[in-house]
Amino acid sequence: MNAHLPVLAVLTPLLSAPLCLMLRRKLAARFFAIAVAWITFAIAISTLQAVMQAGDIRYELGGFAPPLGIELRVDATNALMLLLVSSIAAVVLLFGPGSAGATIAKGREPAFYTLLLLALAGLIGITVTGDAFNVFVFLEVSSLASYTLIGLGNDRHAPMSAFSYLIMGTLGGTFFLLGVGLLYQMTGTLNMADLTVRLQDVHGSRTVVLALALLVVGIGIKLAVFPLHQWLPNAYSHAPSVVSAFLAATSTKVMYYVLVRVLFTLFGAAFVFETLRADYLLMPLSILAMFGGSLAAIYQTNLKRLLAYSSVAQVGYMTLGLSFASVTGVTAGLVHVFNHALMKGGLFLVVGCITAQLGSSDIARMRGLGKRMPLTMAAFVVGGFALIGVPATVGFVSKWYLVQAALEKGMLPVAFLILLSSILAVVYIWRVVEIAYFQEPEAEAKVSEAPLNQLLPTWLLIGSTLFFGLNTDVTVGVAQMAARQLMGVLP
Amino acid sequence: MSDGQLIALSMLWPALAAVAVALLGRAPNLRDGASSVATLLTFGTVVQLVPRVNSGARPSLTLMEVMPGVSLHFEVEPLGMVYALVASGLWIITALYAVGYMRGHHEENQTRFFFFFALAISAALGIAYAGNLFTLFLFYEVLTFSTFPLVTHHGTDAAKRAGRVYLGILVSTSVGFLLLAVLWTYFASGTLDFRPGGILAGKLDGAEVPILLGLYAFGTGKAALMPFHRWLPAAMVAPTPVSALLHAVAVVKAGVFSVLKIVVYVFGLELLQEGQASLWLMYVAAGTILISSVVALTKDNLKARLAYSTISQLAYIVLGAALATGAGVIGGGMHIAMHAVGKITLFFCAGAIYVAAHKTEISTMNGIGRRMPFTMGAFLIGSLSIIGLPPLGGSWSKWYLALGAAEGHNEIFILVLMLSSLLSIGYLMPVVVRAFFYEPEPDAHHGEHAEHAEHGGHDEHGHHAEHGEGMHEAPFLCVAPICAAAVGCVALFFTSQYLHALLLPIAGGQ
């Protein structure tokens, strides 16, 4: 049974997606999608348990043996990502449409749920597959679904930003495919485990270095690594909040996973960081992202854009962890992927609650929301604390490991820069807090607390930022195990 | 009750009080009653820990392991015991005073105020009991964020600006320096636990010790060491009970307590004595003592003057820590208690003057002692304690601090202490002299309300318009705590040997 878990995790949402469209009724589609997401989540939990107890899971698709057949392969790293993606989907789907100002065009709801399930299937596919070309296929499945999801928004800028995301995303996908093609040319295999072995013989080759460069640029675009992040603020800020929450918490995280796979599994840390010294490029770019993203966030007038720019900065923290090329560094990166997904997903849902009431996510219009929507704004404050990295939230755990990794390498200035940039988060979070709590609400506006079906998923995610801030057994435990595997250090 | 239960309970009472306050928001009498009962319960619980600590036991409680090797762990040692006693003890009278002040002043949002007030005390106790640097840092930040709504209570633009300075300095120093120092310590020594004799001996290069000490000293922004002191005067926009809580008890003492505790239990006195790693900190502390005393002389606003006096007095404790001698740290520990009681008296008085006579500027307080004899009498006693004259508590802590300076052959700092005492006479006594010996100005209580427009909006001038001759004290709930605090200043002089005996183990050796 355990061997079938990974393929079930992909097939459940993939096959349910068209069924969802056939349901046609808004409510039926919604409850069906929720059920599917929670079943997928349950499968992900079983997968993680199986991997932690019995080691890697391998599954030969259709019974064809690799390297010719496609192999699904799940170790600690994938299992963590699988859990992350499916749990976020399960929670985000609970988010109700709200009373006023629905963000999805009328009559499109079944399509919306279908696309969300498709995106989920694609993302899960990327995380479980052990085949490089298969990654590209699932990447396109999830990307095409997410372009459409962004375009579904009621915002009149939505189609345009979906289109520019499509251009950038396709560029990224193409770069990635070129890289995979070169690898195939050099080694004659697409199976990742096989590639790892065969690439070692041709490490000196310029074609292989070019392949690595193409792969990294391709992934970099989709991961929004500074300075390839331009598409992200537009895409996130014009999409419906639920979509922003889902994509921010899953899509970039899965791309981060692909980057980790390519750098550490396919090419190996020794080649990438010791021979090629990729850290000379990755570290400065990460630090620039941390400061550039946060500084840009400070000057935003729209809460969604603010959070999107903050995401750019947070991706910087994640890639910085990789650039240390140490077990602690990779642990920090992976932990932050998980933690950031929780807080950013939660915060975008907060925006969803606010937008449903105000019909806008302009910060200036949030005057007095602290009184009008106390539970929603409390969630924002807690999520903000997590972004800042206040102790007892997940952000602190990430920061802790990141700075430890810097100190291990003897890089005291980098450690200081990490902490300094997190102070910038105080500035952009507190700008919103001041407006929500210190300014009087607009008298005529009829704004009340968000309904339960919005508050519940929001607080599930926000609450988990506190829970995993104090109980790090699962997050740090799995991330550490994954990091050891990736760095080739046996536990 | 077991040790762990006492520790948990004493932090739980204020937290429960916060919940009760939030629930009873619509019934002010019940609400304030509940929080007053909680103050007594908290203090009663804390006191039960004293004999155990005195007998050499170290009550401890581990809640959970947050990260491998990093746990939420509490352990009560003498220094933390003193701080917990001070914080919970003074909370009793501050809570009463706050009721008198907030009602006498018809402040808005009193429920929110008492909620965060109780939360802050819970955080302060968490700091006091912290058994490792992680726990200390956690509650340090909780205290920062839970006091922010108190500083900005009035919600005016001035309050908002002050809140920015408050949060800006406290958060950036704690994240930028303190957290870095904590992580560095963990990296160097592999542990975050507070241990007698320190955990860093032999783990750092000689040149790294002063740098790490600097990160700690400036990182605990709550200790208000110059140049990171600006938040303290800025926070003066808060209602006076907050100023009393912040500037005498919870927040500032959390800062200097952390510095002392880190010096004693992380560095260890011996490590700092070798190679004079803390010499530079002595000079910074001495500079802060003198400069802020001089600045206090120039302030006409009573609360601002008291704020700068606090900065100077806090630097005494940092100086005691930096001296890194037995008598020095004991003197610092005692000064936590002595200054707390003395300064809370003075802040209570400032608040009482504001409630009863709507005066904030010292130059307008001529003859006020005749109308408010109890308040100004207490002000005199508090002042003398801050100056350090017997028979008041403040004299003992100064005595030990001077002894500590002599012990380490840094006699120059005895001179600094004496000079600072003279300066404090210079900025505190004029208030008393004006109050008792100057003739009240003829229009002192009519038609000058416009002067205090900055505090307008919340004043109920009409209520206080009729100031006749004779006594006109603040409400009873304000005056009674003031008298209690003043009595405390005297009592501490005669009971200081108990405090000294309690603190003796931190000097090491004995």
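The values are calculated or read from the model by the stated rules, or taken from the named source; none is laboratory data. This structure is a prediction, so every number in the text was calculated from the model and none was measured. Methodologically, a virtual Cβ is constructed for each residue, glycine included, from the backbone with ideal geometry; neighbour enumeration extends over all protein chains shown.
Given the criterion assigned to a helix (DSSP H, G or I), more than 13 Å from the chain's Cα centre (by Cα) and among the polar types (S, T, N, Q), identify the matching residue among B:Gln313, B:Gln273. Unique residue meeting the criteria: B:Gln273. A:Val390 satisfies every condition listed in (1) out of contact with any Asp or Glu (no Cβ under 8 Å at 6 or more places or on another chain); (2) of a type outside the set (Gly, Ala, Ser); (3) under 21 Å from B:Leu136 (Cα atoms) except (1). Total residues in region A:437-490 satisfying the condition of being in a helix (DSSP H, G or I) and either in contact with a strand residue (DSSP E or B) (Cβ under 8 Å, 6 or more places away or on another chain) or of a type outside the set (S, T, N, Q) (or both): the figure is 28. Which one of these is closer than 13 Å to B:Trp91 by Cβ and out of contact with any Cys (no Cβ under 8 Å at 6 or more places or on another chain): B:Val46, B:Val19? The match here is B:Val46. When the helices (runs of 4 or more DSSP H) confined to region A:131-220 are screened for residues that are polar (S, T, N, Q), those reaching at least 3 such residues are found at A:132-151, A:158-187.
Residues checked against (1) within 20 Å of the chain's Cα centre (by Cα); (2) in a helix (DSSP H, G or I); (3) farther than 30 Å from A:Leu263 by Cα:
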| position | (1), (2), (3) |
| --- | --- |
| A:Lys304 | yes, yes, yes |
| A:Gly370 | no, yes, yes |
| A:Gly383 | yes, yes, yes |
| A:Tyr401 | yes, yes, no |
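Of the residues making up region A:304-361, those that are hydroxyl-bearing (Ser, Thr, Tyr) and either under 22 Å from A:Leu486 (Cα atoms) or in contact with a helix residue (DSSP H, G or I) (Cβ under 6 Å, 6 or more places away or on another chain) (or both) are A:Tyr309, A:Ser310, A:Ser311, A:Tyr317, A:Thr319, A:Ser323, A:Ser326, A:Thr328, A:Thr331, A:Thr355, A:Ser361. Annotation: of all residues in region B:55-65 being out of contact with any Phe, Trp or Tyr (no Cβ under 7 Å at 6 or more places or on another chain) and surrounded by 15 or more Cβ atoms within 10 Å (Cβ to Cβ), the one that is nearest to B:Phe134 (Cα to Cα) is B:Glu65.
To keep it simple, each residue is scored yes or no on (1) touching a Gly at 6+ places or on another chain (Cβ under 8 Å); (2) farther than 26 Å from B:Phe148 by Cα; (3) at pLDDT 85 or above.
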| site | (1), (2), (3) |
| --- | --- |
| B:Gln48 | no, yes, yes |
| B:Leu61 | yes, yes, yes |
| B:Met64 | no, yes, no |
| B:Leu72 | no, no, yes |
| B:Glu75 | yes, yes, yes |
| B:Gly104 | no, no, no |
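For region B:397-413, the count of residues that are of a type in the set (Ser, Thr, Tyr) and more than 21 Å from B:Cys478 (Cα to Cα) is nonzero. Taken over region B:347-401, the residue count meeting the criterion of being within 19 Å of the chain's Cα centre (by Cα) and among the basic types (Lys, Arg) is 1.
Scanning for something over 20 Å from A:Lys253 (Cβ atoms) and in a loop (DSSP other than H, G, I, E, B), does region A:107-123 turn up at least one residue? Yes. Name the single residue that is nearest to the chain's Cα centre (by Cα) among those in region B:16-68 being hydrophobic (A, V, I, L, M, F, W, C) and within 14 Å of chain A (Cβ to nearest Cβ). Here the residue is B:Ala22. Taken over region A:292-318, the criterion of being surrounded by fewer than 24 Cβ atoms within 10 Å (Cβ to Cβ), in contact (Cβ under 8 Å) with a residue 40 or more places away in the chain and of a type outside the set (Gly, Ala, Ser) is satisfied by A:Leu295, A:Ile298, A:Gln300, A:Thr301, A:Asn302, A:Arg305.
Tally the residues that are of a type in the set (D, E, K, R) and out of contact with any Leu (no Cβ under 7 Å at 6 or more places or on another chain), restricting the search to region B:384-431. Here the count works out to 2.
Taking the criterion of being out of contact with any Lys or Arg (no Cβ under 9 Å at 6 or more places or on another chain), at pLDDT 85 or above and not β-branched (Val, Ile, Thr), the residues of region A:236-276 that qualify are A:Phe246, A:Leu247, A:Lys253, A:Tyr256, A:Tyr257, A:Leu259, A:Arg261, A:Leu263, A:Phe264, A:Leu266, A:Phe267. Of all residues in region A:208-226, those that are farther than 24 Å from A:Gly488 by Cβ and surrounded by fewer than 22 Cβ atoms within 10 Å (Cβ to Cβ) total 3.
Being within 13 Å of B:Leu179 (Cβ to Cβ) and either surrounded by fewer than 22 Cβ atoms within 10 Å (Cβ to Cβ) or within 8 Å of another protein chain (Cβ to nearest Cβ) (or both) is the filter here, so list the residues in region A:402-411 that pass it.
Once the filter is applied, which keeps residues that are within 13 Å of B:Leu179 (Cβ to Cβ) and either surrounded by fewer than 22 Cβ atoms within 10 Å (Cβ to Cβ) or within 8 Å of another protein chain (Cβ to nearest Cβ) (or both), region A:402-411 yields A:Val403, A:Gln404, A:Leu407.
Tell me the residue from A:Phe385, A:Phe396, A:Phe416, A:Phe438 that is among the aromatic types (Phe, Trp, Tyr), in contact with a Lys or Arg (Cβ under 7 Å, 6 or more places away or on another chain) and within 9 Å of chain B (Cβ to nearest Cβ), please. Walk me through how you get there before you give the answer.
Numbers: A:Phe385 fails: in contact with a Lys or Arg (Cβ under 7 Å, 6 or more places away or on another chain); A:Phe396 fails: in contact with a Lys or Arg (Cβ under 7 Å, 6 or more places away or on another chain); A:Phe416 fails: in contact with a Lys or Arg (Cβ under 7 Å, 6 or more places away or on another chain).
None of the others qualify; the one that does is A:Phe438.
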